[in-house]
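One structure is given here, and the rest of the page talks about it.
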Amino acid sequence: MRLKLMQVGQAVRILQDGTEVGTLIYELRKGQDILFADKVLCGDDNSVVAEFPGAELHDELLYTDGLIKIQRHWIVMDPGNWQLTFQYIPAGDLKQWIVPCVMYEENRMGAGNYPRGGVENGWSFREDRTSVPSCSILHNSSQWQAVFINPAITEDEISSTKTYFLNGKPAFNIRIPYCEEPGTYTEKGIIIGGLTGRTEKYFNVRKTPFNYSRTIYIMMDKYVHISEIFINIMKSALLEFKPVKRSEETTDWSRLAKLRFKHLEYLLIDSPGITAIKQGRGNGLFQSFYEYTSGSFLCKSLEAAVIFARVAEETGQTKYFEKAKKIGDFFLKGELHNGLHRDCYSLKSKQWGGYMGVGTPPELASGANARCNGEVMINYLRLYKLLKDKCNSADEFLDVVKNNAGFYIMHQLSGDEEGNFGRWWSTDGVPRNTMGTNGAYIISYLVELEKTTGKREDINNALKKAAKYYASLIDHNGFYADTLDADCVDKEAGCALLRAFLDLYERSHDEFNLKYARLSAGFVLSWMFTYNVPFNANSPLGKRDFKTSGMTAVSVAHHHLDFYGLFIAYDFLRLWEATQDDLWKICAQKMIDACSQLISSEVDLLGRSNQFIGWQPEQVNQTNWDYKTRFMGTKGRFHTCVAWNVVLTLGAMLNIRERYPDMLCFRLSEQCPS
C-alpha cells in the first residue's frame, strides 16, 4: 500500500494506491477568528508545511496496515489565545456516525437529556469522554473512517473532535484545547439540568515561539458489523498508546479480597425478619435513595449469599453458610403465584417491587423485571449447589428457579418478537415493556438449570428461539436498555448478550453462538478506556495517581467510569479460551488491573471513616460530568457507596480465580474479617 499527497489549492488530498482517502484542510483559530493557511507546501516524503499569519505547522504522514499517522507540529509566533486544529474530510458517502461511549445510532433510543442526533447537529465532544481520545467514526453500510489523537499529557491540552457537515460533506475537526458544542453534557439532570451551553478553552500564548506536537490518526476499512470497527480501532489504540501502568509492580489480591469482604459485611442487614444487603450507606443528602435491598442489580443480595457460602467453604467459618441461607430464605418472599419474582424491597414501606429505584415509572416498578429475575435465579441455583449438603434443606431454592423458568418458557414471546423473554412484566404475567436486552439474562439461568436438572425439551426449544431473537438484536446494533436506572444505549447491554451467547456456545459448541459472543464483545470493548486521562494534581484522583486505562464507561446517559471491568474480564477470558484471540486476554488483564485501584484501606480511607474500609466508589469522574452534584465539582472526583460494586467485583474475582488461576491468584484465609 502506497500513500501519496496531492496539493489542491490550500488543501491536501490523501491518496492510497491512487484512490482518494480524504482531504486535509489547514486552519487555526486565534480568539474568535478562523485563520486559513496562506501557503501550503507538499514534500515528496509525504510531509506538509502550512504557513499562517503568526504561525505555521508541519505534518509528517506515515501509513501502515490501514492506519495513517499524522505527526503534527505547530509553531505559534504571535502571542494571543490560540486553538490548534486538525480538519479532515473523508472521501466517500459516510454519513452515519459513532462516538465510542457517547453516541451510537444517533442515541435515538431511550429517554433523557443527553446528546442526540446525527452529523447535522455538529456535536463536538472532549477527548476524556471517549474510550479512544477524541475518536469519531463515520460510516455507511460497508465502509468506515475514523479519527483519533494520542492522549493529552496535561489537563490543559484536552482535545475535542467535532463531526459536522463542511460544504455539504461530513468532516472531522479536532481542536486543542477542546471546544464542546452546541452544548456540554454535565449532569444526568436530576437536580439542575443535563445539557449546558458551549464550553471551550484556549492556549494563552505569551512567550513565543510556542511549540506543540500531537499525533493524529486516520483509520479506514470495510466492515460487515459495527463491532468489527470497534475491535479494529481498539487494537490500534492499544498498540499505539501503551499506557503507563500503575506504580505498584504487584497487587496483593488477597489483601484486596479481604478488604472487599469486610465492606460486604458492613452492608449486610442481619436482623429479625430480614437478612439482605443494603443498597448503600453514607451517601449524605441522597441516602434516602439507598433505603432498599434487592436480590439483583444495585444490591445483588443473592450473589452476595453465594459469596458468603464460598467464603465458608474456603475458610471453614460455617457462620457464613448460615448468613447465605438466611439471605436466600428472605428473598423467597418475593415470589409470585405465577412464578414471576420481585426482588426489590423497600426498607421504609416494607413493599416488594421489580426495581423501585431512580427513573422507573410506578406502573413498572410494581411489576417484575427479566434482568432481575435472571440474576436472582442463576444465583439461587449456585446457592442451592453450595448449600444442599450443608443445610437442613435448600430444595426451595431450586423450586423457585423451576417455577420462574416455567413462567418464562410458557410466556416467551411470539410473532415479530419470537424468542424474546421480555423486559417488564405485570404481576399477573402481562408484558408491559419488551424492548432491550433484559431478557438475555433468562438464557444464562436456563442453561444453568439444565446443568442441574438435566436436559429438557422445553428448555432446549426456548433457548433455540432466544438465540435467534437476541442475535437479531445484535445484527441491528440493538445494544439498548439493559441497566435499569437509565433508558439508553449502555455497556451492560453488550455484557448481557456476551454472557448469554458464551453460555449458549459452551452448551452447544455451535459457531453461530460464538460469532454473536464476539460481536457482543466488540461492542463492550468500545467502552474500555485505552489510555490514561490526565487529572489536576490537586484533585482527589490526581492525588492518588489514578489510571483510567482498562476502566469502562457506563452509558450514553452516564458519562463516568465504574469497576464493572472485573465482571467483563471473566467473559473476555472465556472468549479468549474459545477463540484463542489474545486481544481478549490482553483486555481482560487490563480490566483486572484497573479494578484493583481506589479501595479504601487503613492507608487511605478515601475520605470516609474506618467503617468504610473496603469501599470502592461506584462513580469515578474522568470528564466534566456528574450524576447529580456537578455544583460540587466534576472531573477528578469519586463518590457513592452502592452495594453492586463490592458484590460484583468480589464475585468476579472468585470466578476468575476458579477458572483462570493463572490470571488471578489470592486467598481468603481464616483471617477473613469478621
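The condition (being without any contact (Cβ under 8 Å) to a residue 60 or more places away in the chain, assigned to a helix (DSSP H, G or I), assigned by TED's automatic domain parsing to the domain that holds D562 and among the hydrophobic types (A, V, I, L, M, F, W, C)) is satisfied by just one residue among F308, F289: F308.
Entry remark, region 353-377: residues being part of a helix (DSSP H, G or I) and closer than 24 Å to F567 by Cα number 8 in total.
Condition check: touching a strand residue (DSSP E or B) at 6+ places or on another chain (Cβ under 8 Å), free of Cβ contacts under 8 Å to residues at least 12 places away in the same chain, closer than 28 Å to V205 by Cα and of a type outside the set (D, E). Does I34 satisfy that? Yes: the conditions hold for I34.
Scanning region 62-91 for residues that are modelled with pLDDT under 95 and at positive phi yields a total of 2. Considering each residue of region 629-648 in turn, at least one proves to be in a strand (DSSP E or B), more than 15 Å from F261 (Cα to Cα) and under 21 Å from the mean Cα position of the chain (by Cα). Checked across region 327-339, the condition of being under 23 Å from F563 (Cα atoms) and in contact (Cβ under 8 Å) with a residue 12 or more places away in the chain holds for no residue. Considering V132, V147, the condition of being in a strand (DSSP E or B) and either outside the structural domain of G31 (by TED's automatic domain parsing) or buried (at least 22 other Cβ atoms within 10 Å of the Cβ) (or both) is satisfied by V147 alone.
With the condition kept exactly as written, say whether any residue in region 195-213 is at positive phi, of a type outside the set (D, E, K, R) and part of a loop (DSSP other than H, G, I, E, B). No; the residues of region 195-213 include none that is at positive phi, of a type outside the set (D, E, K, R) and part of a loop (DSSP other than H, G, I, E, B). Every condition in (1) over 25 Å from K385 (Cβ atoms); (2) under 28 Å from the mean Cα position of the chain (by Cα); (3) polar (S, T, N, Q) is met by S444 except one, and the failing one is (1). Among the residues of region 311-352, those identified as more than 20 Å from D395 (Cβ to Cβ), in contact with a helix residue (DSSP H, G or I) (Cβ under 6 Å, 6 or more places away or on another chain) and not in a loop (DSSP other than H, G, I, E, B) are V311, Y320, W352. I want to confirm something. Restricting to region 106-129 and keeping residues that are in contact with a Pro (Cβ under 7 Å, 6 or more places away or on another chain) and assigned to a loop (DSSP other than H, G, I, E, B), which single residue is surrounded by the fewest Cβ atoms within 10 Å (Cβ to Cβ)? That would be G122. You will find that of G542, G550, the residue that is outside any loop (DSSP other than H, G, I, E, B) and more than 12 Å from C495 (Cβ to Cβ) is G542 and no other. Out of all the residues in region 7-42, which are of a type in the set (G, A, S) and either touching a helix residue (DSSP H, G or I) at 6+ places or on another chain (Cβ under 8 Å) or at pLDDT 95 or above (or both)? If the condition is that a residue be of a type in the set (G, A, S) and either touching a helix residue (DSSP H, G or I) at 6+ places or on another chain (Cβ under 8 Å) or at pLDDT 95 or above (or both), then A11, G22, G31, A37 are the ones that fit.
Apart from one condition, I231 fits all of (1) closer than 18 Å to Q589 by Cα; (2) touching a residue at least 40 places away in the same chain (Cβ under 8 Å); (3) surrounded by fewer than 15 Cβ atoms within 10 Å (Cβ to Cβ); the exception is (3).
The values are calculated or read from the model by the stated rules, or taken from the named source; none is laboratory data. Keep in mind it's a predicted model, so treat the numbers as computed, not measured. Note that each Cβ is placed from the backbone with ideal geometry, even for glycine, and that neighbours are counted across all protein chains shown.
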